[in-house]
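Please treat every number below as a calculation from the coordinates, not as lab data. The shown structure was predicted, so the numbers you read here are calculated from the model rather than taken from an experiment. As a convention, Cβ positions derive from the backbone with ideal geometry for all residues, glycine included, and neighbour counts pool all protein chains shown.
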Amino acid sequence: MSEPIKFTEKTKRRVAGRAGFRCSFPSCDKPTIGPGARSNETAVTGKAAHIYSASPGGPRGQGTLSKDQLRSSENAIWLCSDHATYVDTNRGEKFPPNLLLSYKALQEAKIARHQSGINASAWFHELRLIESPIFAANARILFGKLTVIVGGNGSGKTALCEWMSGLGDPSRLRRWDHPRETDRRLHLQVTYFDPREQHARIEVAAPDSIMYYLEDKRVPFYPLKLGLVHLPQYLIRPASEDLRDELQLVSDVLRIPTTTVRNLIPCVNQNNEGCVRNLRLVGNEGKLMLLADHEGEKKARCFRETSDSQQGKVLIELCVAMARFSSEFLPTILMIEGGILSFDPKNFARYAEYFMSGGHHFQTIVMLIRSPTGGSKEWSGWEFVRLVGEKTNVTIDQSPF
Ligand SMILES: [Zn+2]
């Protein structure tokens, strides 16, 4: 038998510090540091718990992680001693690695906001489709820091985006609030941590009547302020068929004002981890072109001239800039729809790593037409959801890898 893998003191301190020395279990938030027995001592009561196990037979197993990965701070979550024991009961069955990674990301996002003096904090945990025109009854999706939803045409990807957006903005439910007699109605529940577990429900009760509930109490609208950044499906036509200039085109695709696109450009250029360099607007015969330097190309090219995948990168970078900024003030979700990332698995792996990184604090939902390949899925901690079937009886398959 090999020795169980231990975290070093330095790793423990780093994990504790990133959690603000508070328990990362969503309903707990207990401080884990305080005065010690003597006046010159502190007492630390928290634990750096293993996400994947310290020994091969332990709770949650070890996946395919190497020893170095198992003892790294990525594999640790800071918990009070009660919750450290609790998540390991019954071999950790109720707390798979992805769930613990989500708890950890939630805690770090919350501490980052508190540190900048903002108290808003929430994390989307589950969407339950109690009844809906598309999905089998009581279908549910669990969200991680990154949630990848794969489904073909007609499997309800766009509907899911509209329903999630409908939480903050009833106008996004326009397609759903006039059901015919024979249609199944929309009734969904979102569970989020605030950090306590909260439930919000939306029900289309009758035509043009959307009811909102918080913990079963009827409310006029959903009061939690939520930053929602959405890259919807889009189609870019060549300039010969479309007279808009590129600033207007991008603003229409993202459904944000041209001023906001202009203001976001410097934020994109500041993001050193991004895929796009030197984004700028240049006037040409009275129209504005959006130029960027792309990897592996010597000459900057304007938006319409570039490939689908390069256009996708520019749009994603603008959305990432929005989500980054928004998440400094509000719980923020970035939703990327339209399968842009399906084009290139390498591209997907790069963005997936970026969306999972602890350096920023928004949740990302990516809708893909095909399964992504490459990357160590077990380690990455993202949730993977498959939509199976089409039209009225789609089922949701979210088995762990
Ligand atoms: Zn606790």
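Annotation: aspartates and glutamates with alpha-carbon distance below 15 angstrom to LYS94 (same-chain offsets under eight excluded): GLU126. Taking every alpha-carbon pair under 8 Å whose residues sit at least 6 apart, region 112-255 reaches a relative contact order of 20 percent.
Tell me the mean residue ellipticity at 222 nm calculated for the chain from its helices only (DSSP H runs of n ≥ 4, each -39500 (n - 2.57), averaged over every residue, nearest 500). Can you show the working numbers first?
Details: 10 runs with 107 residues, N = 401.
Value at 222 nm, helices only: -8000 deg cm²/dmol.
Simple rule: put +1 on each Lys or Arg Cβ and -1 on each Asp or Glu Cβ in the chain, find the dipole, and look at LEU279, TRP163, PHE362; the Cα lying farthest toward the positive end is PHE362. With 0.36 nm allotted per residue and the present C-alpha distance subtracted, the GLU93-ARG180 stretch has 27.1 nm of extension available. For the pair region 200-279 / region 28-86, the C-alpha centres are spaced 38 Å from each other.
Please state the shape class of region 239-320: rounded when a/c is under 1.5, otherwise prolate if a/b exceeds b/c and oblate if not, all from the C-alpha gyration tensor. Cα axes put region 239-320 in the oblate bin. The residues TYR222, TYR213, when put in order of fewest to most other Cβ atoms within 10 Å, stand as TYR213, TYR222.
With the simple model of a label 7 Å out from the Cα in the direction of the Cβ, LYS299 to LEU224 spans 5.0 nm.
Here the 3J(HN,Hα) profile of region 196-208, calculated from phi with Karplus coefficients 6.51, -1.76 and 1.60 at θ = phi - 60°, is 5, 6, 10, 10, 10, 10, 10, 9, 8, 7, 7, x, 6 Hz, Gly and Pro shown as x. Listed peptides 204-211, 317-324, 65-72 appear in the order 317-324, 65-72, 204-211 once ranked by packing, highest mean of other Cβ atoms within 10 Å at the front. Relative contact order, whole percent, for region 239-320 stands at 26, derived from Cα pairs under 8 Å and 6 or more residues apart.
Packing, as the average of other Cβ atoms within 10 Å across residues, places the peptides 134-144, 223-233 in the order 134-144, 223-233, highest first.
Counting only Cα atoms, I'd like the Rg/Rh figure for region 9-95, Kirkwood definition for Rh.
With Rg and the Kirkwood Rh in hand, the quotient comes to 1.01.
Hey, what D do you get for region 210-347 in µm²/s if you plug the Kirkwood alpha-carbon radius into Stokes-Einstein at 37 °C and 0.692 mPa s? The Stokes-Einstein estimate is 199 µm²/s.
With a length cut of 15 Å (Cα positions projected on each helix's long axis) and a Kyte-Doolittle mean of at least -0.5, go through the chain and give me the DSSP H helices that pass.
Those that pass (Cα extent of 15 Å or more, hydropathy at least -0.5) are 97-115, 258-270, 308-327.
Sort THR42, THR11 so that the residue with the fewest other Cβ atoms within 10 Å of its own Cβ comes first and the one with the most comes last. In increasing order of surrounding Cβ atoms, one gets THR42, THR11. Taking the inverse of the mean reciprocal distance over all distinct Cα pairs, the Kirkwood hydrodynamic radius of region 87-203 comes to 16.0 Å. Comparing GLY34, GLY156, GLY274 in a Gaussian network model of the chain, where Cα atoms under 10 Å apart are tied by springs, the biggest mean-square fluctuation is seen for GLY34. Here the chain carries DSSP beta bridges of which approximately 70% are antiparallel, counting only pairs with both residues inside.
Across the options MET335, SER251, CYS23, the greatest Cα extent toward the positive end of the charge dipole of the chain (unit charges at beta carbon of Lys, Arg, Asp, Glu) belongs to CYS23. Grouping the Cα pair distances of the chain into 10 Å bins from zero gives a pair-distance distribution of 4, 20, 29, 26, 15, 5, 1, 0 percent in increasing distance order. Over all directions, average the projected area of the Cα convex hull of region 1-160 and note it in nm². Quarter of the Cα hull surface area: 13.2 nm².
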